[in-house]
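Participant: Below are the structure tokens for one structure; questions will follow.
The values are calculated or read from the model by the stated rules, or taken from the named source; none is laboratory data. This structure is a prediction, so every number in the text was calculated from the model and none was measured. Cβ placement follows ideal geometry from the backbone for every residue including glycine, while neighbour counts extend to all protein chains displayed.
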Amino acid sequence: MERITIQPRNNWQSAVEKLGFGFHTTNIPYWDESAYYSFTMPEVLKLEKATAELWDLCLGAVQHVMDNNLYQQFGIPEYIIPLIEKSWTEDHPAIYGRFDFSYKNGDIKLLEFNADTPTSLYEAGIVQWFWLQDFDKSKDQFNSIHEKLIAYWRYLKQYLYDDTLYFTCLKETLEDLTNTEYMRDCAMQGGLETELIFIDDIGWDASREVFVDMKEKDIKNIFKLYPWEWMLKDDFGKNIAADKNKSLWVEPAWKMILSNKAILPILWQLYPQCPYILPAYFEADRLTDYVKKPILSREGANIDIIQNNLSIEKTEGEYGKEGFIYQQLCSLPEFNGNHAVIGSWVIGQQPAGMGIRESTSLITNNTSRFVPHLID
Amino acid sequence: MKKSKYIELVLITAALASCHQPGNKDWESGNGHTYIRSDSTAPYSPMRRNGYGGARMWYYAFRPYGNYNNGYYERAGYYSDAIHESANIGSNSFKGSVVRGGFGGGFSVSS
């Protein structure tokens with residue numbers, strides 16, 4: 001894994017905007033093609049293997065949480081447990097997830113698993129692939145995200161209700177809308193009838209006890225780019241359990257277990273021999289160099305890095321009231337002051353590609369940059 | 001590993017590219033207010049500017065609500081961020097049966 005500095009395309013802004021990628025720059029650049037990461041094929045195969053193995057282990061960990069009724073450690077409300085278990089035993093449709101890895105000195109370590117609402121899908125699947133076509137068409141990329149999404153939606157069609165598949169996200173965020181619309185694009189190409197509805201436009205018909213769209217039509221299948229824990233925090237979320245249609249939510253409710261950082265100590269407890277899993281605990285006193293993470297947090301918020309029992313870097317935020325986990329400190333590989341984290345995608349149960357984000361700080365947060373990659 | 005040679009996007013490029021076109025300058029810079037209401041049961045109020053305007057209205061304004069009656073769709077009114085709550089006040093049979101806005105806290109799910 002190497003970081004190569006290059007000259008960005010002259011017209012890179014318009015090139016990516018033509019793809020519908022509008023959030024390439026905010027007050028700071030997000031899409032960064034002044035460099036790329038180069039991987040050897042053996043390195044990519046190693047990442048692919050780790051992704052496949054970890055996915056299997058994660059499924060085992062979900063079963064363990066259910067068998068041992070560990071929901072309390074995840075801060076999951078009791079009323080939603082039957083829905084979680086039903087979605088698991090009935091194998092409700094699930095399509096994707098993103099493992100975040102440190103890949104340093106040949107060692108792959110799992111930092112966390114974004115199993116419910118992973119983003120940067122469009123950058124990884126589309127934008128960096130078109131970058132490669134301009135930069136060097138002869139090279140390959142660890143990236144079959146687009147093909148796998150279309151193929152898996154086509155496969156999932158038989159497991160959805162014979163009805164419209166809705167796609168929903170927050171209203172005023174172009175990043176979320178882009179990811180959601182991209183996913184919808186793939187579903188349409190997979191042969192599904194789709195419709196977009198913003199999350200706060202979803203209606204609850206109290207008389208019939210069903211979710212409805214803006215035209216009062218029942219919602220039976222819905223892909224959401226909106227976390228389960230946010231859906232359940234208000235009373236409105238209780239309607240999910242009361243829903244007479246038993247709508248299929250993608251990702252399904254059991255992903256609440258995997259997207260929660262409480263899964264990290266469970267994975268360590270179950271698979272301490274696994275080379276990809278870092279020691280992690282629910283208690284603070286088991287490690288001296290560690291990262292304190294809220295079980296529910298986003299974009300690197302409320303993270304505290306502790307070395308020799310002293311805090312060396314810390315972020316603020318609004319998370320943490322549900323509890324924390326403590327994971328052994330694993331520094332990211334550094335390239336001239338840039339710390340790179342690999343997001344490795346699982347789509348339809350298979351490794352599907354990767355995207356790399358880098359940050360000048362030790363904690364990857366919402367100021368990180370997406371940098372393309374290729375296989376040399 | 002190798003991707004296919006051709007990637008087609010049927011929806012996203014057209015829809016999202018429209019979000020980045022410069023807005024209509026007359027609309028954007030006008031000092032006058034635009035008064036709208038959600039339906040005939042509600043009072044008028046000045047339209048809100050939520051920072052997007054222009055082409056973003058394609059997504060955010062005038063989302064109709066209504067119902068099917070004997071196989072025919074009847075539009076009852078519109079929901080919009082551009083419409084002040086006061087302009088949404090009013091009653092009709094559709095507003096009474098469905099609750100909206102229960103989901104939707106937070107700024108972005110970015111992970």
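Participant: Using beta carbons and a limit of 7 Å, which pairs, at least six apart or on different chains, have the first residue in segment A:174-192 and in contact (Cβ under 8 Å) with a residue 24 or more places away in the chain and the second one among the basic types (Lys, Arg)?
Facilitator: A:190/A:154; A:190/A:157; A:191/A:154; A:191/A:157; A:192/A:157
Participant: Tell me, please, whether a residue that is over 13 Å from residue A:95 (Cβ atoms), hydroxyl-bearing (Ser, Thr, Tyr) and away from chain B (no Cβ under 11 Å) can be found in segment A:117-131.
Facilitator: For segment A:117-131, residues over 13 Å from residue A:95 (Cβ atoms), hydroxyl-bearing (Ser, Thr, Tyr) and away from chain B (no Cβ under 11 Å): absent.
Participant: Restricting the search to segment A:353-368, which residues are surrounded by fewer than 18 Cβ atoms within 10 Å (Cβ to Cβ), among the β-branched types (Val, Ile, Thr) and under 12 Å from residue A:315 (Cβ atoms)?
Facilitator: A:367
Participant: Also, quick follow-up: Yes or no: residue A:80 outside any strand (DSSP E or B), away from chain B (no Cβ under 12 Å) and among the aliphatic types (A, V, I, L, M)?
Facilitator: Working: outside any strand (DSSP E or B): yes; away from chain B (no Cβ under 12 Å): yes; among the aliphatic types (A, V, I, L, M): yes.
So residue A:80 passes the test.
Participant: Being crowded, with 19+ Cβ neighbours inside 10 Å and within 12 Å of chain B (Cβ to nearest Cβ) is the filter; apply it to segment A:151-172 and report the residue that is nearest to residue A:95 (Cα to Cα).
Facilitator: By that ranking, first place goes to A:167.
Participant: Which one of the conditions (1) within 14 Å of chain B (Cβ to nearest Cβ); (2) acidic (Asp, Glu); (3) surrounded by fewer than 23 Cβ atoms within 10 Å (Cβ to Cβ) does residue A:185 fail to meet, given that it meets all the rest?
Facilitator: (3)
Participant: Turning to a different aspect of this structure: Would you be able to tell me the number of residues in segment A:109-147 that are of a type in the set (D, E, K, R) and assigned to a strand (DSSP E or B)? Even if it seems obvious, please write down each step before you answer.
Facilitator: Taking segment A:109-147 as the starting set, the residues that turn out to be of a type in the set (D, E, K, R) are A:109, A:112, A:116, A:123, A:134, A:136-137, A:139-140, A:147.
Applying the additional criterion that residues be assigned to a strand (DSSP E or B) yields A:109, A:112, A:140.
Adding up the residues that qualify gives 3.
Participant: Would you check which residues across segment A:16-61 are among the aliphatic types (A, V, I, L, M) and touching a residue at least 60 places away in the same chain (Cβ under 8 Å) and list them?
Facilitator: Within segment A:16-61, the subset among the aliphatic types (A, V, I, L, M) is A:16, A:19, A:28, A:35, A:41, A:44-45, A:47, A:50, A:52, A:54, A:57, A:59, A:61.
Result: A:16, A:19, A:28, A:35, A:41, A:44, A:47, A:50, A:52, A:54, A:57, A:61.
Participant: Output the residues belonging to segment A:1-52 that are of a type in the set (D, E, K, R) and assigned to a loop (DSSP other than H, G, I, E, B).
Facilitator: Quick first cut of segment A:1-52, residues of a type in the set (D, E, K, R) only: A:2-3, A:9, A:17-18, A:32-33, A:43, A:46, A:48-49.
Matches in segment A:1-52: A:9, A:18, A:32, A:33.
Participant: Which one is modelled with the highest pLDDT among residues in segment A:280-299 that are buried (at least 20 other Cβ atoms within 10 Å of the Cβ) and small (Gly, Ala, Ser)?
Facilitator: A:280
Participant: For residue A:216, are the conditions met, namely being acidic (Asp, Glu), in contact (Cβ under 8 Å) with a residue 12 or more places away in the chain and within 11 Å of chain B (Cβ to nearest Cβ)? Please lay out each step first, then the result.
Facilitator: Details: acidic (Asp, Glu): yes; in contact (Cβ under 8 Å) with a residue 12 or more places away in the chain: yes; within 11 Å of chain B (Cβ to nearest Cβ): yes.
Judged against the criteria, residue A:216 is a match.
Participant: Answer yes if at least one residue in segment A:235-253 is among the acidic types (Asp, Glu), within 24 Å of residue A:324 (Cβ to Cβ) and at pLDDT below 95, and no otherwise.
Facilitator: Looking through segment A:235-253, none of the residues is among the acidic types (Asp, Glu), within 24 Å of residue A:324 (Cβ to Cβ) and at pLDDT below 95.
Participant: Quick check on segment A:163-174. Is at least one of its residues at pLDDT 95 or above, outside any strand (DSSP E or B), at negative phi and assigned by TED's automatic domain parsing to the domain that holds residue A:21?
Facilitator: Yes, because at least one residue in segment A:163-174 is at pLDDT 95 or above, outside any strand (DSSP E or B), at negative phi and assigned by TED's automatic domain parsing to the domain that holds residue A:21.
Participant: Could you count how many residues in segment A:83-110 are within 12 Å of chain B (Cβ to nearest Cβ) and surrounded by fewer than 21 Cβ atoms within 10 Å (Cβ to Cβ)?
Facilitator: Qualifying residue count for the region: 1.
Participant: Which count do you get for residues in segment A:261-297 that are within 21 Å of residue A:344 (Cα to Cα), in a loop (DSSP other than H, G, I, E, B) and in contact with a Phe, Trp or Tyr (Cβ under 9 Å, 6 or more places away or on another chain)?
Facilitator: 9
Participant: Also, I was wondering about something else. Looking at segment A:135-150, can you tell me whether even one residue there is in contact with a Ser or Thr (Cβ under 8 Å, 6 or more places away or on another chain), crowded, with 21+ Cβ neighbours inside 10 Å, within 28 Å of residue A:330 (Cα to Cα) and not charged (D, E, K, R)?
Facilitator: no
Participant: Taking into account only those residues within segment A:188-212 that are within 9 Å of another protein chain (Cβ to nearest Cβ) and in a strand (DSSP E or B), which is surrounded by the most Cβ atoms within 10 Å (Cβ to Cβ)?
Facilitator: Residue satisfying both the conditions and the ranking: A:203.
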